[in-house]
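Notes follow the structure.
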Amino acid sequence: MSQASYRTILRASSIVGSASVVNILAGLVKMKVAAVLLGPAGVGLIGLYQNLIQSGATIAGLGMNSAGTRCIAAATSEGDAAVDLARRALFWGALVQGVVGGLVFWLAADMIAARLLADPSLASQVVWLACGVGLMVFAGAQTAVLTGLRQIGSIARITAISGLVGAAGGVAALWVWGEGGLLALVLITPVTTFALGLVYVRRLRRQGHGHRPRALVTAWQEMAWLGVALMVSALVSTSGHLTIRVLVQRELGPEALGQFQAAWSIGMTYLTFILGAMGTDYFPRLSAIITDRAAAVHLVNQQTEVGLLLCGPVLVMMLGCAPWVIRLLYSAEFGPAVEILRWQLLGDILKVISWPLGFVLLALGAGRTFIVTETVGIGVFVLGVAIGLPLLGVTATGVAFLALYVAYLPLVWWLGGRRIGFRWSRAVVWLAGVTMAAAVAVALAARVSDGAGLVAGLACGLGLGIWSLLRLADAAGATGRFQKLANAGARTRTLLERLR
């Protein structure tokens, strides 16, 4: 059972992760071109536009992405008629929500440009972002259907293709129109995601059950009760990130905002490899067994361990390679982003540890408690940036991000983990401690010199990578060509258990 569970986690991670790698690489190429052609100010404006679309879609979507996933996953045990009802309710609800949300965003374009962007002349561009809001709402509903039915392959294809099309179209737009192509770069991905989602959802088998409008409204309302709570928490998060970008731009200017956006993109995009897999496989699985406390605790520990094994070596290595990563993916103008990235990567390790626990609250349907955890976390982030900008400059964004997860991790354990009697396994505690210790050692070495940081990062990252490979082979019960790795992992695990 344990090996089968590990194999399921790894299978989902490999499928969604492979698609995410394609998406990440495509996005990095796109931002590299944007950095060269537009500079830090242009990169910062791209981040603002993307965050505006996300904020608008979060409000209009009413949290239906996650709530719809949970309802459809639950409906699968009730038969085809229940699944069809949930799908239809989600479809028509998203259609209305997307149109209304886009229209409201369009009407508020002047206010958004003046108050949030501090540049009324950008109102004509903000108007076009309304299209992105509407499309993202409907695309989110399509993703909920695919996730609830665990159509991992379809989600992976959408992720990869939308990333490639978005990168190719965005680069072409910047190449032809220069700064005038910035708006097209931002909108191509929502358009592509919407179109692909429509194609893959239409391929799913439907029973064609007739449902009265009242039944559809009732089903939508059931989703909305949980969805609104999730929407509020998501809105708190996206609004907090938007507030941080506005603070940086107003206090330090567009150049500093570009530095923050560069570090943020690098630090966040890699985690999509793990977090994407959690969203498509872990959440439905956890929701199905959440009433079995022992099974839920076991699954959370497994997901945390796999997350650390897959992310830890790369994050530690990236800490040492940060100056070269920034120059490679952006340009020499983005030097200040190195320090931001290093602080952020330390926070990323804590994020990987805390993320599986956050899903416990969602699986339990504890919407209000989930809002509390998200609000406290983003509040620490915004407050840290507001206090730190005058003292540390743009580096404060990285320090505040680490502070966010220093506060969030014990909070989500207290409010979520205790509800299922959760305790981290000895293996997870040991792995988390070693990974964090290695990361801190690399960060300290980097303060001596970039060269020392590089050597320490490569050495520690390689060591963690070897252990990750052995442990994953052992946990999944690898056979065939990987049997020797599994055997070596088992022997190493036994030795470490004796030493603990």
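Taken together, the values in this text are just the output of simple stated rules run on the coordinates, not laboratory data. Nothing here was measured: the structure is a model prediction, and the numbers come from that model. Reconstructed Cβ throughout: ideal geometry from the backbone, glycine too, with neighbour counts over all protein chains shown.
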Inter-part gap, Cα centre of the range 289-324 to Cα centre of the range 151-230, in whole angstrom, is 28 Å
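Quick check: convex hull of the Cα atoms in the chain, volume per residue, rounded to a whole Å³? Don't skip to the end; give the middle numbers.
Details: hull volume 72.1 nm³, N = 500.
Output value, Cα hull per residue: 144 Å³.
Looking only at Cα atoms, what is the convex hull volume of the range 290-500 per residue, in Å³?
Considering the Cα atoms of the range 290-500, their hull volume per residue is 143 Å³.
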Here the relative contact order (percent) of the chain, from C-alpha pairs under 8 Å and at least 6 apart, is 20 percent
tail above 12 Å in the computed P(r) of the range 33-82, as % of all Cα-Cα pairs, reads 72 percent
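Can you give the Rg to Rh ratio for the range 284-394, taking only C-alpha atoms and Rh from Kirkwood? Before the final figure, lay out each step's value.
On the way: Rg = 17.8 Å, Rh = 16.5 Å.
Expressed as Rg/Rh, it is 1.08.
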Hits for the chain under the membrane-span-like helix rule (DSSP H, Cα axial span at least 27 Å, Kyte-Doolittle mean at least -0.5) are 2-61, 80-107, 123-148, 152-177, 182-202, 213-252, 293-329, 337-364, 367-392, 396-415, 426-448, 450-475
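By how many nm would the segment from L25 to A81 grow when fully extended, if each residue of separation counts as 0.36 nm and the alpha-carbon distance is taken off?
16.1 nm
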Stretched fully, the stretch from T8 through V36 gains (0.36 nm per residue minus C-alpha distance, one decimal, in nm) 6.0 nm
The FRET efficiency for A437 and L458, from their Cβ-Cβ distance with R0 = 25 Å and rounded to 0.05, is 0.90
Quick calc: nm separation of the 7 Å Cα→Cβ label points for W430 and W128 -> 5.6 nm
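Average the reciprocal distances over every distinct pair of alpha-carbons in the range 396-473, invert the result, and give the Kirkwood radius in Å.
Details: mean 1/r = 0.0678 Å⁻¹.
That comes to 14.8 Å for the range 396-473.
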The FRET efficiency for R205 and M111, from their Cβ-Cβ distance with R0 = 35 Å and rounded to 0.05, is 0.20
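Report the semi-axes of the equivalent ellipsoid for the range 1-235 in whole Å, largest first, where each axis is √(5λ) for an eigenvalue λ of the Cα gyration tensor. Mind showing how you got there, number by number?
Values: eigenvalues 213, 109, 40 Å².
Its equivalent ellipsoid spans semi-axes of 33, 23, 14 Å.
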A chain fully extended from A74 to R447 at 0.36 nm per residue, minus the present Cα-Cα distance, gains in nm 129.2 nm
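Tell me, what is the percent relative contact order of the range 290-500, built from C-alpha pairs under 8 Å that lie six or more residues apart?
Numbers: 258 pairs, mean separation 62.1, N = 211.
Once normalised by length, the contact order is 29 percent.
Quick check on the exposure proxy: order F194, F91 from fewest to most C-beta atoms within 10 angstrom. Working shown, then result.
On the way: F194 23, F91 17.
Fewest-to-most ranking of F194, F91: F91, F194.
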With only helices counted (DSSP H, runs n ≥ 4, each -39500 (n - 2.57)), the per-residue ellipticity at 222 nm for the chain, to the nearest 500, works out to -29500 deg cm²/dmol
